Amino acid sequence: MTDPLSILHRTFGYTSFRGPQAKIIEQIMVGGDALVLMPTGGGKSLCYQIPALLRPGVGVVVSPLIALMQDQVDALLQVGVRAAYLNSSMEWAAASEVERNLIKGELDLIYVAPERLMTERFLDLLDELSSADRLALFAIDEAHCVSQWGHDFRPEYIQLSLLHQRYPKVPRIALTATADELTRREIVTRLGLDTAKIFISSFDRPNICYTVVERNNPRKQLLEFLNNHRGEAGIVYCLSRRKVDETAAWLSLQGVTALPYHAGLDSPSRQAHQQRFLREDGIIMVATIAFGMGIDKPDVRFVAHLDLPKSLEAYYQETGRAGRDGDAAEAWMTYGLNDVVIHRQRIDESISGEEQKRIERGKLDALLAWCETPNCRRALLLKYFSESALACGNCDTCLEPPELWDGTVAAQKALSAALRSGQRYGAGHLIDILRGKLTDKITQNEHDKLPTFGVGAELDETTWRSVFRQLLAAGMLHADASAFGALRLTEASRPILKGEAHLSLRRSPTKPESKAWRNSGRQMATAQSIAAPGDMPTAALFNALRQWRGECAREQGVPAYVIMHDRSLLELAARQPRDINDLLGVPGIGQAKANRYGTTLLQLIAEASVVSERRIAEVASD
């Protein structure tokens, strides 16, 4: 029988497995179950694709998104794997043909949405395959969707426990890039994976640089950030549909190719925008979280958040859509006090039970603490996922460490202002009290007569906002959404008010955001990770290869990266293989791609070589 390493090389064009891939494949090959936690871009798909090719029968992949199914099937067809998908977007005749091919044994992998899988029609197909011992495995992708505490809960995922009950001899592999300890336990329980081996890879994405900036004219801040990414693909996340539409329209007026995406758009528009993002270079998608789960575009160079996400898990997953190819990428976010009020209100007004609300508040508190940390962001993010790490040197707090100051007295003043004004006001009004600002609201409520009126005049408004944010993040203040964001003291504030504890705060920056370190660091990281020679002939060859890839993609109606990743093109430009055997040594080029594109690629490389030699001769003669 062919071994997994041979399939990896011959079909997918790689010579060695990464991390725990080999052990995961071995577990599935012997008929065992597995729960796989692996970061985005870590190679989760190979963990079930290779066993599906080696075990008798067809591998059934449960996937929640239509776009992901189509792209993965397109990519598998490129490497010679017999794959298909079934979802609601298909015409009846096309779906029927896929079902016939499935029963005839003409498929190695079939991708199916969970709601489609649970229909009697599809279960009858599975019964027929099972009776003939032709079910290779079940792969449950995006397994965190089973968690009611999670940010992507899908009710139909809970029903997938039926697979084990109905087909107990068929191995299952559940995969996710995002799951804290609570979510992991729920995946195991709800999917009946009690005997499964659990494989946890590092959650670290060292190629992503994390940055959080205090919100101050967010559109201007966003545009300045995007100026560092001209011509690159990226995602801008907003909390509301209205903000998505307005931001996309405004960016378009600034000359940025930006498209909106949210659940309020009609289906053809959503599909058209998603296809442009996947298949064209340099498109920026402005979106709600309705966009992104399962997006397999490897060259997304940044993810920006104009609003605070729901939790660190959501943030990790959303930012994980950047830099899937392993090259340098950025995760950038603006953040302000109003975010806290909005999210508290969302939690408090939800129909969830009190236990779920308690968990969601805890997740929000963890995210706030991450935003306000003076320490390494990556280390704190990894700690949240029960992984230890040293300072990374590739986040804003590492590259420009914030200055700390003794904020004990300022915290006492802020807490006293909230307490003496009746704990009925938000940060804006409390800052006016502290700075001694006579507004109509101040005089009407006689807050100018409070002992705290004017006691904080030495600090500017920006600094006071930073103080209140950090007190919220530290759990000393609570934003009461039912009282329009009124700040109320918690038990944790008592030691500070009584002078029994000291508090260090990070100083709010008084200078414009520095971008020099991000630009230089990003350029260095890209140069190191790509390792492409800088000579002009090689650059010209790389551009010619990209142009060829784009033409192929348009002809076949698939995303460019489905034809070949940038990494493979860079290796082709650097190595300049002379024959098919050399071509098979390039990462990402297996036998099927070599057969299909080899002659054209070798011709392009040979032509580039001739041009290069001619230029060298011309220079020598001069």
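The values are calculated or read from the model by the stated rules, or taken from the named source; none is laboratory data. As the structure is a prediction and not an experimental result, all values here were calculated from the model. When we count neighbours, we look across all protein chains shown, and the Cβ atoms used for this are built from the backbone with ideal geometry, even at glycine.
Going by the conditions given, is Gln275 within 30 Å of Met69 (Cα to Cα) and in contact (Cβ under 8 Å) with a residue 24 or more places away in the chain? When the stated conditions are applied, Gln275 does not pass them. The single condition among (1) of a type outside the set (A, V, I, L, M); (2) in contact with a His (Cβ under 8 Å, 6 or more places away or on another chain); (3) crowded, with 17+ Cβ neighbours inside 10 Å; (4) under 20 Å from Glu372 (Cα atoms) that Ser493 does not satisfy is (2). Consider segment 577-612 and keep the residues that are more than 21 Å from Gly550 (Cα to Cα) and among the hydroxyl-bearing types (Ser, Thr, Tyr). The one that is surrounded by the fewest Cβ atoms within 10 Å (Cβ to Cβ) is Ser609. When Thr397, Thr334, Thr319 are checked against the criterion of being free of Cβ contacts under 8 Å to residues at least 60 places away in the same chain and either β-branched (Val, Ile, Thr) or assigned by TED's automatic domain parsing to the domain that holds Ser568 (or both), Thr397 stands alone in meeting it.
Filtering segment 241-277 to residues that are touching a helix residue (DSSP H, G or I) at 6+ places or on another chain (Cβ under 9 Å) and among the polar types (S, T, N, Q) leaves Thr247, Gln254, Thr257, Gln271, Gln274, Gln275. Scanning segment 26-49 for residues that are farther than 21 Å from Leu126 by Cβ, touching a Ser or Thr at 6+ places or on another chain (Cβ under 7 Å) and among the aliphatic types (A, V, I, L, M) turns up at least one hit. Identify, please: which residue in segment 8-60 is within 21 Å of Leu193 (Cβ to Cβ) and of a type in the set (D, E, K, R) and is, among those, surrounded by the fewest Cβ atoms within 10 Å (Cβ to Cβ)? Result: Lys23. Scanning segment 204-227 for residues that are surrounded by fewer than 20 Cβ atoms within 10 Å (Cβ to Cβ) and among the charged types (D, E, K, R) returns Asp204, Glu214, Arg215, Arg219, Lys220, Glu224.
From the residues in segment 264-285 that are touching a Gly at 6+ places or on another chain (Cβ under 9 Å) and of a type in the set (A, V, I, L, M), which one is surrounded by the most Cβ atoms within 10 Å (Cβ to Cβ)? Going through the qualifying residues, I end up with Met285. Restricted to segment 236-246, and to residues there that are farther than 23 Å from Leu399 by Cβ and of a type in the set (A, V, I, L, M), the residue that is surrounded by the most Cβ atoms within 10 Å (Cβ to Cβ) is Val244. When each of Leu505, Leu477 is tested for being crowded, with 23+ Cβ neighbours inside 10 Å and over 23 Å from Lys363 (Cβ atoms), the lone residue that passes is Leu505.
Tell me whether segment 424-432 contains one or more residues that are assigned to a loop (DSSP other than H, G, I, E, B) and aliphatic (A, V, I, L, M). No. Applying a threshold of 9 Å to beta carbon distances and a minimum spacing of six or more residues, or different chains, the list of pairs starting in segment 352-369 at a residue that is without any contact (Cβ under 8 Å) to a residue 60 or more places away in the chain and assigned by TED's automatic domain parsing to the domain that holds Met333 and ending at one that is of a type in the set (Lys, Arg) and part of a helix (DSSP H, G or I) reads Arg361/Arg344; Leu364/Arg344.
Number of residues in segment 442-459 that are surrounded by 14 or more Cβ atoms within 10 Å (Cβ to Cβ), free of Cβ contacts under 8 Å to residues at least 40 places away in the same chain and in contact with a helix residue (DSSP H, G or I) (Cβ under 8 Å, 6 or more places away or on another chain): the value is 7.
Looking across segment 159-203 at every residue that is modelled with pLDDT under 85 and outside any loop (DSSP other than H, G, I, E, B), the one that is surrounded by the most Cβ atoms within 10 Å (Cβ to Cβ) is identified as Thr183. Mind telling me which of the residues Asp307, Asp325 ends up being under 18 Å from Arg567 (Cα atoms), in contact (Cβ under 8 Å) with a residue 40 or more places away in the chain and not in a helix (DSSP H, G or I)? Testing whether each residue is under 18 Å from Arg567 (Cα atoms), in contact (Cβ under 8 Å) with a residue 40 or more places away in the chain and not in a helix (DSSP H, G or I) leaves just Asp325.
In the condition set (1) under 20 Å from the mean Cα position of the chain (by Cα); (2) closer than 30 Å to Ala143 by Cα, Thr195 is compliant with all but (1). Scanning segment 247-263 for residues that are loosely packed, with under 15 Cβ neighbours inside 10 Å and closer than 15 Å to Phe291 by Cα gives a single hit, Ala263.
Looking only at residues in segment 376-389 that are in contact with a helix residue (DSSP H, G or I) (Cβ under 7 Å, 6 or more places away or on another chain) and at pLDDT 90 or above, the one that is surrounded by the fewest Cβ atoms within 10 Å (Cβ to Cβ) is Leu380.
Considering only residues in segment 343-366 that are within 18 Å of Leu487 (Cβ to Cβ) and surrounded by 17 or more Cβ atoms within 10 Å (Cβ to Cβ), the one that is modelled with the lowest pLDDT turns out to be Arg344. Out of (1) over 17 Å from Gly231 (Cβ atoms); (2) out of contact with any Phe, Trp or Tyr (no Cβ under 6 Å at 6 or more places or on another chain); (3) surrounded by 23 or more Cβ atoms within 10 Å (Cβ to Cβ); (4) at pLDDT 90 or above, what's the single condition that is false for Thr288? In the conditions (1) over 17 Å from Gly231 (Cβ atoms); (2) out of contact with any Phe, Trp or Tyr (no Cβ under 6 Å at 6 or more places or on another chain); (3) surrounded by 23 or more Cβ atoms within 10 Å (Cβ to Cβ); (4) at pLDDT 90 or above, Thr288 misses (3) alone.
Among the residues of segment 113-158, just one is among the polar types (S, T, N, Q), part of a helix (DSSP H, G or I) and without any contact (Cβ under 8 Å) to a residue 24 or more places away in the chain, namely Ser131. Counted as qualifying within segment 1-103 are the helices (runs of 4 or more DSSP H) with 2 or more residues that are touching a residue at least 40 places away in the same chain (Cβ under 8 Å), namely 4-7, 21-29, 46-54, 66-78.
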